[in-house]
Amino acid sequence: MAKTESTMLPLGTPAPDFKLPDTVSGKDISLEDVAGDRGTLVMFICNHCPFVKHVLDELVRLGRDYPGQGIGVVAISSNDVTGYPQDRPERMADLARDMGFAFPYLYDESQNTARAYDAACTPDFFVFDADRKLVYRGQLDDSRPGNGIEVTGKDLRAALDALVEGQPVAKEQKPSIGCNIKWKG
């Protein structure tokens with residue numbers, strides 16, 4: 001598993017729009033469809049990455065904790081499924097159902113959405129405010145597979161909590177680390 005850091009898109013960047021198929025419902029979902037009144041969390045994840053598997057329960061908790069507080073939540077997989085068949089849309093739908101995702105899990109077959117967000121790894125997190133300007137990009141917390149640190153989501157939760165409370169999000173942010181997005185050859 002190659003460790004790749006997120007690219008740390010500049011704060012203030014407008015949220016790139018998207019319209020992608022939801023692997024569970026089959027419906028096309030746009031940024032407008034998932035955006036929350038107070039903010040929106042866009043997560044780039046996949047099924048097979050050990051870094052994602054390590055934090056999956058916390059991602060499910062985030063998806064349950066914040067929508068009722070005005071935060072929209074969506075997950076996107078952009079991996080090339082030719083070399084990584086476990087990331088195919090039907091397997092994504094299975095994972096979403098098995099884990100009880102309370103948010104859409106979208107498939108970015110063209111990889112254009114990942115490129116628009118400058119996503120680099122899984123998991124990669126982007127938080128936008130009510131005006132859809134980037135206020136957080138970076139890690140969930142300090143936990144990594146095998147490092148013995150408990151998964152709490154503290155860094156990402158601090159950013160989301162600040163939005164909910166109408167407070168500024170801390171500017172000091174650490175990049176996420178995970179498997180690189182599997183780009184098409």
Every listed condition ((1) farther than 20 Å from residue 154 by Cα; (2) in contact (Cβ under 8 Å) with a residue 12 or more places away in the chain; (3) acidic (Asp, Glu)) holds for residue 98 save (2)
Checked pairs for region 166-185, first assigned to a loop (DSSP other than H, G, I, E, B), second of a type in the set (Val, Ile, Thr) and at pLDDT 95 or above, C-beta under 6 Å and 6 or more apart or across chains, list as 169/135
For region 73-112, the count of residues that are more than 13 Å from the chain's Cα centre (by Cα) and among the aliphatic types (A, V, I, L, M) equals 7
Scanning region 56-73 residue by residue, the ones that are buried (at least 23 other Cβ atoms within 10 Å of the Cβ) and touching a Ser or Thr at 6+ places or on another chain (Cβ under 8 Å) total 2
Scanning region 22-34 residue by residue, the ones that are within 22 Å of residue 120 (Cα to Cα) and not β-branched (Val, Ile, Thr) total 3
Going through region 1-49 in order, the residues found to be part of a loop (DSSP other than H, G, I, E, B) and among the hydrophobic types (A, V, I, L, M, F, W, C) are 1, 2, 8, 9, 11, 15, 18, 24, 35, 45, 46, 49
Exactly one of 87, 118 is touching a residue at least 40 places away in the same chain (Cβ under 8 Å), closer than 30 Å to residue 161 by Cα and of a type in the set (Asp, Glu), and that one is 118
From the option list 137, 144, single residue qualifying as assigned to a loop (DSSP other than H, G, I, E, B), closer than 25 Å to residue 161 by Cα and not acidic (Asp, Glu) is 144
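The values are calculated or read from the model by the stated rules, or taken from the named source; none is laboratory data. Keep in mind that this is a model prediction, so the values were computed, not measured. Neighbour counts are summed over all protein chains in view; Cβ atoms, including those assigned to glycine, are modelled from backbone coordinates with ideal geometry.
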